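The values are calculated or read from the model by the stated rules, or taken from the named source; none is laboratory data. Nothing here was measured: the structure is a model prediction, and the numbers come from that model. Heads up, the Cβs are rebuilt from the backbone with ideal geometry, glycines too, and the neighbour counts pull from every protein chain shown. Ligands, DNA and RNA are stripped out before the accessible areas are found, and what is left, the full protein with its side chains, is counted by its heavy atoms. Shrake-Rupley method; radii C 1.70, N 1.55, O 1.52, S 1.80 Å.
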Amino acid sequence: MHYASTCITPLRPRKKSSFILPLHPAFCIFRPSKNIIMNNDEKLYKATMNFAREMDDADILSDFRNKFLIPQHEGKDVIYFCGNSLGLQPKHAIDYYKQELSDWATYGVEGHFQAKRPWFSYHKFFTESLTKIVGATEKEVVAMNTLTVNLHLLMLSFYKPDKKRYKIIMEAGAFPSDMYAMETQVRFHGFDPDDAIIEIAPRKGEHTIHHSDIEAAIKKNKNSLALVLFGGVNYYTGQYFDLKHIVEMAHSVGSLAGFDLAHAVGNKVLHLHDWKVDFACWCSYKYLNSGPGAVGGIFVHEKHTRNPDTFRLGGWWGHDEKTRFKMKKGFKPTKTAESWQMSNAQVLNMAAHRASLDIFDEVSMTDLAQKSYDLTGYAETLLKQITHLKFEIITPPNPVDRGCQLSLLFKSKGREVFDHLQKNGVIADWREPNVIRIAPVPLYNSFQDVYTMYEILKNMK
Ligand SMILES: Cc1ncc(COP(=O)(O)O)c(C=O)c1O
């Protein structure tokens, strides 16, 4: 079995620095007189540009920023904290498009076999990189379609309700597309969404979900539960769920467990295979930086891909490669996740994805997560010093329970703050009714970005 390691040599040796933390933001105490923020190990987060610069100098991943095109504001790089919505363009993405257009011009239909990356097997050029990003074997992943489409296809395979087992447990406040997908799947099978869908909500007065409440709901519905389908990271609060534990709980009562990893892929260290996740899907336009509307991806655990009884809707690209062009009746799926593909690869939509995965091939998710831990911790610590703006950070304070996103819930003036950030060259995103999400992305954001945002907010009248 090719099980992907998540460790790849970093770009350059780790620099020696007294600032390689990790600092746990929960332990930080701010000393305003000295602009020093200190944790209980006497290591320092300082609210100064010099400190931010030193952190950037010590950052083994800082060169990766140069691989991206950063939008401009008044002649300077914007502070781009919106990778949770649309990641930045890799500089070399354009070369990948040029290559495909040139191969099309040169070879016409022969490009299916003659192109630099032959289109016949184009989807395979993503597999190895994706196995490292999500912790899977090569049989378990494929890049295809888009996220909601994939969610439906996977639910057709893995949500097989009967009169006894038909319920789905999901998070309250999931992304609307997921709500609609689940609602319509339930109706498609003839059930009532109000009865079949159980939503786990934060407790009264809280913003994030207790894992013990997920566990209690699973136990309570142990005889009627067909599927637990959660986001990996909730899009609104930035809460990361304990996928491994959810899977264990679901399996212990005879249910399956699947995940929408839109906000987790390329953000958190994942081990989908080892955690025995049944299925998952994601998009590649957020942390995977593959462009607007870019191709999605799926994971199906090998125990299902090799099971001939696992249902998948048929199409020629999911059919056994050896007999694909015999044009005969009888769908014979390959024994891998590729069998969920129906159509041939959308090459011109996928070229930027390959460009982006080149960058991920050079870095380990572990190193990214480590930087994320520091960068988001720094952002959180500085934001907490801003007392004249009335907001609360609703993202979990423990780095284990979040990725690189922080969600700021405003009690007042949220929209004004958002506009102020934008006017000053900080791109964040606004979520109704009153949340600003900021995502310091370890691949291209710097500690200086974080500090500059802090100054902009501090100086807002
Ligand atoms: C968590 C989540 N699920 C689903 C979607 C919908 O994705 P798509 O438009 O690719 O189907 C999004 C889009 O941002 C999302 O964030």
Seminar exercise, completed: Of the candidates 401, 449, 419, the one satisfying the condition of being in contact with a Ser or Thr (Cβ under 8 Å, 6 or more places away or on another chain) and modelled with pLDDT of 95 or more is 401
Seminar exercise, completed: Contact list, first residue from the stretch 225-249 and on the phi > 0 side of the Ramachandran plot, second anywhere and open to solvent by less than 20 Å² (accessible area, probe 1.4 Å), beta-carbon distance below 6 Å, six or more apart or interchain, is 238/395; 238/402; 238/405; 238/407
Problem set entry | Hey, residue 293 open to solvent by 10 Å² or more (accessible area, probe 1.4 Å), on the phi > 0 side of the Ramachandran plot, within 12 Å of the ligand (Cβ to nearest atom) and in a loop (DSSP other than H, G, I, E, B) or not | yes
Exercise. Among the residues of the stretch 144-170, which ones are open to solvent by 10 Å² or more (accessible area, probe 1.4 Å), under 30 Å from residue 207 (Cα atoms) and within 16 Å of the ligand (Cβ to nearest atom)?
Worked result: 146, 147, 148, 149, 152
Problem set entry | Some residue of the stretch 84-93 being more than 16 Å from the ligand (Cβ to nearest atom) and touching a Gly at 6+ places or on another chain (Cβ under 6 Å) | no
Exercise. Would you say residue 349 is open to solvent by 40 Å² or more (accessible area, probe 1.4 Å) and over 26 Å from residue 62 (Cα atoms)?
Worked result: yes
For this session: Those residues that are out of contact with any strand residue (DSSP E or B) (no Cβ under 6 Å at 6 or more places or on another chain) and in contact (Cβ under 8 Å) with a residue 24 or more places away in the chain, I need them from the stretch 432-446; list them, please.
Result: 439, 440, 441, 442, 443, 445, 446
Exercise. So which of 44, 69 ends up being open to solvent by 10 Å² or more (accessible area, probe 1.4 Å), at pLDDT below 95 and of a type outside the set (D, E, K, R)?
Worked result: 44
Problem set entry | Odd one out for residue 279 among (1) away from the ligand (no atom under 16 Å from the Cβ); (2) under 27 Å from residue 365 (Cβ atoms) | (1)
Problem set entry | Count of the stretch 73-107 residues which are open to solvent by 30 Å² or more (accessible area, probe 1.4 Å) and small (Gly, Ala, Ser) | 4
Exercise. Does the stretch 171-179 contain at least one residue that is away from the ligand (no atom under 16 Å from the Cβ) and open to solvent by less than 50 Å² (accessible area, probe 1.4 Å)?
Worked result: no
Exercise. Can you tell me which of 361, 367, 374 is modelled with pLDDT under 95 and closer than 25 Å to residue 63 by Cα?
Worked result: 374
Exercise. Among the candidates 449, 429, which residue alone is of a type outside the set (Phe, Trp, Tyr), touching a residue at least 40 places away in the same chain (Cβ under 8 Å) and buried (at least 22 other Cβ atoms within 10 Å of the Cβ)?
Worked result: 449
Problem set entry | Hey, residue 141 away from the ligand (no atom under 16 Å from the Cβ) and either within 30 Å of residue 362 (Cα to Cα) or open to solvent by less than 10 Å² (accessible area, probe 1.4 Å) (or both) or not | yes
